[in-house]
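Reading through the structure tokens given below for one structure.
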Amino acid sequence: MEIDGFRGLLITADDAEYDTARAVWNGAIDRRPRLIARCSETADVAAAVRFAREHDLEIAVRGGSHNVGGTAVCDDGIVIDLSALRAVWVDPIGRTARVQGGALWSDVDHETQAHGLATTGGIVSHTGVAGLTLGGGLGWLMRKHGLAVDNLLAAEVVTAEGSIVRASTDEHPDLFWALRGGGGNFGVVTSFHFALHPLGPDVLAGPVFWAAEDTAEVMRFYRDFIAEAPDELGSLVRLGTVPALPGIPADLHWRPAIAVSCCYAGAVEDGERAVRSLRRLGTPLVDLLAPTPYVAHQRAIDDTVPHGWHYYWKSTNLAGLSDDAIAVIADHAYAAGSPRSMVVMFHMRGAVARVPHDATAYAGRDVAHNIVIEGVWLPDEAGEHAAAESAWARRFLEALEPVRAGGVYVNFLDADDDPSRIREAYGDHLWRIAEVKAKYDPDNAFHHNKNIPPA
Ligand SMILES: Cc1cc2nc3c(=O)[nH]c(=O)nc-3n(C[C@H](O)[C@H](O)[C@H](O)COP(=O)(O)OP(=O)(O)OC[C@H]3O[C@@H](n4cnc5c(N)ncnc54)[C@H](O)[C@@H]3O)c2cc1C
């Protein structure tokens, strides 16, 4: 098979690398595209889009392949695969970086930290820049520097017609608005231009673990702790078991536990002061908060969510941590069957909340927390755990219903989430996003995603 004007690699079921090329992060996804077009330049992306449109092929776009619902791969159609486009160019004087559309956050952190700079990215370094940014982009630095989309200065986009445009506040401003939260609905982004900020190389970062029995006490303390926390302090709560990572005493591995994990985006001494009261709470199982190279912190939990394990997520926004919410979380968090399943709760606010609601398509500016309930099991445990972990995640979400805020982060939605949840993710931005969709992709060619149909 050939694509006119395409100089990358075309992979079909006849090729030895087909199975590796169609695999995505979530090992539970098993789809067989007709063609994988691994692009080596922007022109390839344009050629692949035109080819797909001419042949009326279902299109999936692959960045880092981390979408839990597996939207980076489709059955029968074409995967426009950007995984070979991972370059990052830093302008240390202007403090900006240009990042190709298939880069991972590890690529960005590596290049930017070489200059003592950073931008808000995901908390697992093998996550893709593209999907994460286009949905909003939560990370350790967001309370100080805003979401990934708040640091986006411009993007190069291949539209549904196969033409190449630049989107920024000056060029195609409607598209630029929609790209910042509206996901992969409008085209294929071949490069992102980000603002950078001085950081590190060392930051005060890491988790403190307490026994699961202490959950309610830790969460009540955490509620007050974050109310006073400076913007520099990014934090999340992780409930589940202590992961079996090097650096954690072996006798604690897999023990049910709650962790508060932090990253202080400022001087280490200031960070020490900011977390002092947290470390004094009760009797921690282990306290791993320490001055750490930022790049090492960004990689610290990579091995707790590797490629190929099976994952099933449910998620919602939380308005705050009421006693009732804490009770529901403490009741359900440890009821999973697999020791790999967990709950992660991001603390938002700070700079995220200061950006005006209408400035970008991202719609969750006013929420306090994003909670993700993650059912996780090994591929050979599918029989034992798949149904049970999924049911646990659904039950947990149902139990949160009375205490949750409306809304959900689009990037945490799974394949079986009802389309009404996509509408829930965008709230009153939905219509404006749909109008931009109608302008740039009126035929909904890019629909294998968290889809917003054209207005
Ligand atoms: C382990 C893990 C940790 C995570 N941590 C965070 C976190 O800290 N913060 C956070 O905000 N989210 C986080 N997420 C969620 C993450 O934002 C989504 O999974 C996101 O879809 C990942 O982007 P990707 O490029 O890797 O995914 P992919 O599966 O490759 O892409 C997902 C979708 O994005 C679109 N897309 C991808 N590339 C492009 C492109 N170049 N142009 C246009 N559209 C494109 C397509 O619609 C595609 O279907 C995490 C996910 C995982 C699995």
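A few remarks follow.
Table: residues versus (1) touching a strand residue (DSSP E or B) at 6+ places or on another chain (Cβ under 8 Å); (2) part of a strand (DSSP E or B); (3) not assigned by TED's automatic domain parsing to the domain that holds residue 304.
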| position | (1), (2), (3) |
| --- | --- |
| 215 | yes, no, no |
| 219 | yes, no, no |
| 222 | yes, no, no |
| 230 | no, no, no |
| 237 | yes, yes, no |
| 243 | no, no, no |
| 248 | yes, no, no |
| 259 | yes, yes, no |
| 262 | yes, yes, no |
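- Condition broken by residue 254, with the remaining ones in (1) out of contact with any helix residue (DSSP H, G or I) (no Cβ under 7 Å at 6 or more places or on another chain); (2) outside any loop (DSSP other than H, G, I, E, B); (3) away from the ligand (no atom under 14 Å from the Cβ) satisfied: (2)
- All conditions in (1) open to solvent by less than 10 Å² (accessible area, probe 1.4 Å); (2) more than 16 Å from the ligand (Cβ to nearest atom); (3) polar (S, T, N, Q) hold for residue 322, with the sole exception of (1).
- Whichever residue in segment 418-455 is closer than 25 Å to residue 51 by Cα and β-branched (Val, Ile, Thr) and, among such residues, is nearest to the chain's Cα centre (by Cα): 452
- Only one entry in 9, 35, 57 is open to solvent by 60 Å² or more (accessible area, probe 1.4 Å), over 28 Å from residue 302 (Cα atoms) and over 23 Å from the mean Cα position of the chain (by Cα), namely 9.
- Among the residues making up segment 191-208, a single one is open to solvent by 10 Å² or more (accessible area, probe 1.4 Å) and under 30 Å from residue 335 (Cα atoms): 207.
- Of the residues screened, residue 75 is not one that is free of Cβ contacts under 8 Å to residues at least 24 places away in the same chain and either more than 12 Å from the ligand (Cβ to nearest atom) or not in a loop (DSSP other than H, G, I, E, B) (or both).
- Residue match in segment 364-381 (condition: over 23 Å from residue 334 (Cα atoms) and out of contact with any strand residue (DSSP E or B) (no Cβ under 8 Å at 6 or more places or on another chain)): yes
- Residues located in segment 164-190, provided they are surrounded by fewer than 21 Cβ atoms within 10 Å (Cβ to Cβ), under 17 Å from residue 432 (Cβ atoms) and either acidic (Asp, Glu) or touching a strand residue (DSSP E or B) at 6+ places or on another chain (Cβ under 8 Å) (or both): 173, 174
- The residues of segment 118-134 that are part of a helix (DSSP H, G or I), more than 6 Å from the ligand (Cβ to nearest atom) and hydrophobic (A, V, I, L, M, F, W, C) amount to a single one, 129.
- Listed here are the strands (runs of 3 or more DSSP E) enclosed by segment 299-394 that have at least 2 residues being in contact (Cβ under 8 Å) with a residue 40 or more places away in the chain and in contact with a Ser or Thr (Cβ under 7 Å, 6 or more places away or on another chain): 369-377.
- When residue 50 is tested against (1) over 17 Å from the mean Cα position of the chain (by Cα); (2) buried (at least 22 other Cβ atoms within 10 Å of the Cβ), just one condition goes unmet, and that condition is (2).
Yes/no matrix, rows are residues, columns are (1) surrounded by fewer than 20 Cβ atoms within 10 Å (Cβ to Cβ); (2) in contact with a His (Cβ under 6 Å, 6 or more places away or on another chain); (3) not assigned by TED's automatic domain parsing to the domain that holds residue 31; (4) not small (Gly, Ala, Ser):
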{"residue": "74", "(1), (2), (3), (4)": "no, yes, no, yes"}
{"residue": "111", "(1), (2), (3), (4)": "yes, no, yes, yes"}
{"residue": "114", "(1), (2), (3), (4)": "yes, no, yes, no"}
{"residue": "120", "(1), (2), (3), (4)": "no, yes, yes, yes"}
{"residue": "134", "(1), (2), (3), (4)": "no, no, yes, yes"}
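- Given (1) away from the ligand (no atom under 12 Å from the Cβ); (2) outside the structural domain of residue 191 (by TED's automatic domain parsing), number of the condition residue 45 does not satisfy: (1)
- Note on segment 436-453: residues that are of a type in the set (Asp, Glu) and open to solvent by less than 50 Å² (accessible area, probe 1.4 Å) total 1.
- Annotation: residue 70 fulfils all but one of (1) more than 12 Å from the ligand (Cβ to nearest atom); (2) in a loop (DSSP other than H, G, I, E, B); the unmet one is (1).
The values are calculated or read from the model by the stated rules, or taken from the named source; none is laboratory data. Since the structure is predicted, the reported quantities are computational estimates derived from the model, not experimental observations. Cβ atoms come from the backbone with ideal geometry, glycine included; neighbour counts cover every protein chain shown. Just the protein is used for accessible areas: all its heavy atoms, side chains included, with ligands, DNA and RNA removed. Shrake-Rupley method; radii C 1.70, N 1.55, O 1.52, S 1.80 Å.
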